[in-house]
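So the structure is just underneath, and the comments pick up after that.
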Amino acid sequence: MNNELEIKNSWWKRNWKWSLPIFLLLSIFIFVIIINSILNGNVSSLAQAYSDNSLYENAIELSKTNQRVIEVLGDIEPIDNLAILEGNAVYSNNNNSVELSVRIKGNKGNGKMDIFADKDGTRWNYKKINIRIKEPKEEIQIIKDTVLK
């Protein structure tokens, strides 16, 4: 007669090989859903703004000629790729109109640049370019109704 006590392993010890990968995949799926809901489906617009660098490069060049921007922000650095991805872009009118908000950095301070533009062929027609600054709280209007190549 065998009177040994049979010890049963816990559920986790018996099933970890298949439950761990399922848990990880489920976590990644939930993370992707949360990120997509935070961005409000804005991923394709951000990707387009990321690839259309003439839109914001021309706006930066115009901003560098504004005396108040030079006083408050100094020399504005080129917009880095992360700034575009952190920003907000909304394309409309068959991707020929854009509202873009992106952070900019100067050697004296930081701000946000708002660009409203329409595309005419390969040229951007800037309806409005504003720079918003927190310290001192100020909004600098750079340009209104200009066409650039």
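Values for this structure:
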{"read-out": "Residue in region 63-86 that is modelled with pLDDT under 80 and within 19 Å of residue 127 (Cα to Cα) present", "value": "no"}
{"read-out": "Long-range neighbours under 9 Å by Cβ, at least six apart or interchain, first residue in a helix (DSSP H, G or I) within region 59-80, second among the aromatic types (Phe, Trp, Tyr)", "value": "59/124; 59/126; 62/126"}
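The values are calculated or read from the model by the stated rules, or taken from the named source; none is laboratory data. All of these numbers come straight from a predicted model, not from anything done at the bench. Glycine also receives a Cβ, built like all others from the backbone with ideal geometry; neighbour counts cover every protein chain displayed.
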